[in-house]
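As structure tokens, the structure follows; a few thoughts come after it.
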Amino acid sequence: MMEIPNYLRRGYITPDELFSIIPRPSEERLRKRPVAIPECPQQIPCTPCKEICPVNAVMMDHPNDIPKVDYEKCIGCSLCVQVCPGLAFFMIHYVGDKARITMPYELLPLPEKGEEVILLNRVGEEVGKGKVLAIVPREKSKGDTPIITVEVPIELAWEVRAIKVVRK
Amino acid sequence: MRITDHPILDFKKKRTRKVTIYYNGKPIEAYEGETIAAALHAAGVRTLNYSRIKKRARGLFCAIGKCSSCLMTVNGIPNVRTCITLVEDGMKIEENKPVLPPANSNGSKAKTVKGDIIVIGGGPAGLMAAISAHDAGAKVVLIDENPILGGQLVKQTHKFFGKREQFAGIRGIKIAQILEEEIRKRNIETFLETSAVGIFQEGNEKIVVGVRKEKELIEFRGKAIIVATGAMERAIPFENNDLPGIYGAGAIQTLMNTYGIKPGEKALIVGAGNVGLILAYQLLQAGVKVEAIVEAMPKIGGYFVHAAKVRRLGVPILTRHTILRAEGNGKVERAVIVEIDENWNPIPGTEKVLDVDLIAIAVGLRPSIELLQQAGCQIRYIRELGGHVAVRDEWMETTVRGIFVAGDTAGIEEATTAMLEGRIAGVAAALRLGIADESWVREITKTQKELEEFRSGPFGKHIVEGIKKLLEGS
């Protein structure tokens, strides 16, 4: 019997596990412009990310293939983040000593631009605070899912994958 | 409690007209379009029925008309499934008194409805079967026992996987609307709140006996029947597993996503397949705290991406764990979970008490094959397909000529594959009746290829094996 990967035992993937499956984009590329990262390590029959990509940067020969992104081709448009049915696409961009993470957000309340939010890692632990830089609301999202871009300390770029909005 | 704000759903639009129903004589406010069980839940009533001998409280379990836990006496009619019966102003609801109501004469003269093909079930499989059979030239009659079309799609707020031409990236609720619109455009005769209770053969005709709104007997006559009756939630044994507040996962989705009723405050989910994982996310969206998901297998059974989605919002997923017992006085107040060893035995000392008022059982489904069985179709047990299923061929035709199957009834799978099977069954039935011309065979071949592609990954492997066994039996 095949060894069960750890991410299937506990429901989250570590950056090390992820980068053993897909390549890690170079620091240089991360600084150039936002780049799409699929956190989708299983062979499931699903292709919207590939189908919507305007520059054919999502590589997938068969619908059951794991999506991998050609980071050089990717223009950082975020359409894959908007359409992914598994909410498994993220965009990362290094700017100065910060990283900008673009992620889907399907909860209430939707944060506002400029709002400070709590940053959550892949297991939902609070790991810091970040600022919301941009929002694509549901009506404008190509996949009926709002997406937000949040600015985080650069060392948290590969940790933060969700946020919590706290309103008094 | 009714949900007002939701990130995906808009309930305000649905709640337009208030009505009053009477529960044991006490007035309860409800909204038109709600089922009796949903309205009672919103009013805090969780006990709907009692077991006959020991009078143990029974709450909602399946919420789609498939189990008997919500039976009540409504306007003097006993054994009404309150989970699929809509409220009406002035309705009188009482504890179930299973005695025959006074006879009326309606039964003796059943209305007759004729078509070429009778489709039983208005979920993804049945809707697609009806649309395809109609397009292939057949006169189709569609019946469903629920008050709304769409089957389980109407509560699926998540976006579907697959190819975009197969509705990938679209939420299930939206797919239900699209398919319903297609049915309406074609003027396909549709009977809602109509239960199929038997299939009979008379000469060249097949008869589906239907009961509409628990009152009216209708005979549906056709030359072929497509059975797309879906599936029923499985239960598992544990102490107090009948307490109100323990639901099949789908029932919680129905309450929460179809009727906008908050099912509880704190939940435990049993089962980390796709249904359990998706449910956890939907509970969070409805403002319910999910204390944990327990899974007896050593790994998550559903898609990893669904697990990741709830993990990052702080929901623990405990593999190799199970529920030991539920506790509470007349309703769920706590759950005791435990770690299990490789032989599935609880490991002493690992028990944990969770403070929950809601337990979701998401341990899988079994096909609803009762009608097929009654109609004389050959049945086989195929584990990979979820249990007992009707033997059928590549065109979805059972061993009784003219009776076809599609969707979960044919084997537990996905809404996407249900729709593809529905298309095959619909076209195949029209071809078998000599209504569709040969060019439609190509449509079947094309759809079979799509199915093959969808099932070609690791998640489709067991289905392919199951179907192989089934075809060997035909």
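The values are calculated or read from the model by the stated rules, or taken from the named source; none is laboratory data. Just so it is clear, the model here is predicted, and its values are computed rather than measured. Note that each Cβ is placed from the backbone with ideal geometry, even for glycine, and that neighbours are counted across all protein chains shown. Protein only, heavy atoms only, side chains kept; ligands, DNA and RNA dropped before computing areas. Shrake-Rupley method; radii C 1.70, N 1.55, O 1.52, S 1.80 Å.
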Taking segment A:133-143 and keeping residues open to solvent by 70 Å² or more (accessible area, probe 1.4 Å) and under 15 Å from residue A:52 (Cβ atoms) leaves A:140, A:142
Could you tell me which of the residues B:310, B:353, B:363 is buried (at least 20 other Cβ atoms within 10 Å of the Cβ), of a type outside the set (Gly, Ala, Ser) and away from chain A (no Cβ under 14 Å)? B:363
Would you check if residue B:225 is crowded, with 22+ Cβ neighbours inside 10 Å, assigned by TED's automatic domain parsing to the domain that holds residue B:125 and more than 18 Å from residue B:366 (Cβ to Cβ)? yes
Just a yes or no: is a residue in segment A:40-53 surrounded by fewer than 18 Cβ atoms within 10 Å (Cβ to Cβ) and either polar (S, T, N, Q) or out of contact with any strand residue (DSSP E or B) (no Cβ under 9 Å at 6 or more places or on another chain) (or both)? yes
Please tell me if residue B:122 is open to solvent by less than 70 Å² (accessible area, probe 1.4 Å), in contact with a Cys (Cβ under 7 Å, 6 or more places away or on another chain) and not β-branched (Val, Ile, Thr). no
Residues of segment B:292-304 being open to solvent by 10 Å² or more (accessible area, probe 1.4 Å) and either within 21 Å of residue B:350 (Cβ to Cβ) or facing chain A (nearest Cβ under 7 Å) (or both), which ones? B:295, B:296, B:297, B:298, B:299
Pick from segment A:144-168, criterion open to solvent by 30 Å² or more (accessible area, probe 1.4 Å), in a loop (DSSP other than H, G, I, E, B) and at pLDDT 95 or above, ranking: nearest to residue B:172 (Cα to Cα): A:144
Based on what the data block shows, is residue A:74 assigned to a loop (DSSP other than H, G, I, E, B) and closer than 28 Å to residue B:416 by Cα? no
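Would you confirm whether or not segment A:11-22 contains a residue that is open to solvent by 70 Å² or more (accessible area, probe 1.4 Å), of a type in the set (D, E, K, R), free of Cβ contacts under 8 Å to residues at least 12 places away in the same chain and assigned to a helix (DSSP H, G or I)?
Yes: segment A:11-22 contains one or more residues that are open to solvent by 70 Å² or more (accessible area, probe 1.4 Å), of a type in the set (D, E, K, R), free of Cβ contacts under 8 Å to residues at least 12 places away in the same chain and assigned to a helix (DSSP H, G or I).
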Could you tell me whether segment B:204-223 includes any residue that is over 19 Å from residue B:435 (Cβ atoms) and aromatic (Phe, Trp, Tyr)? no
Residues of segment B:451-467 that turn out to be surrounded by fewer than 20 Cβ atoms within 10 Å (Cβ to Cβ) and at the interface with another protein chain (Cβ under 7 Å from one of its Cβ atoms), as a count: 4
If I ask for residues that are more than 9 Å from every other protein chain (Cβ to nearest Cβ), surrounded by fewer than 16 Cβ atoms within 10 Å (Cβ to Cβ) and farther than 26 Å from residue A:10 by Cα, which ones from segment A:105-132 would you list? A:112, A:113, A:114, A:116
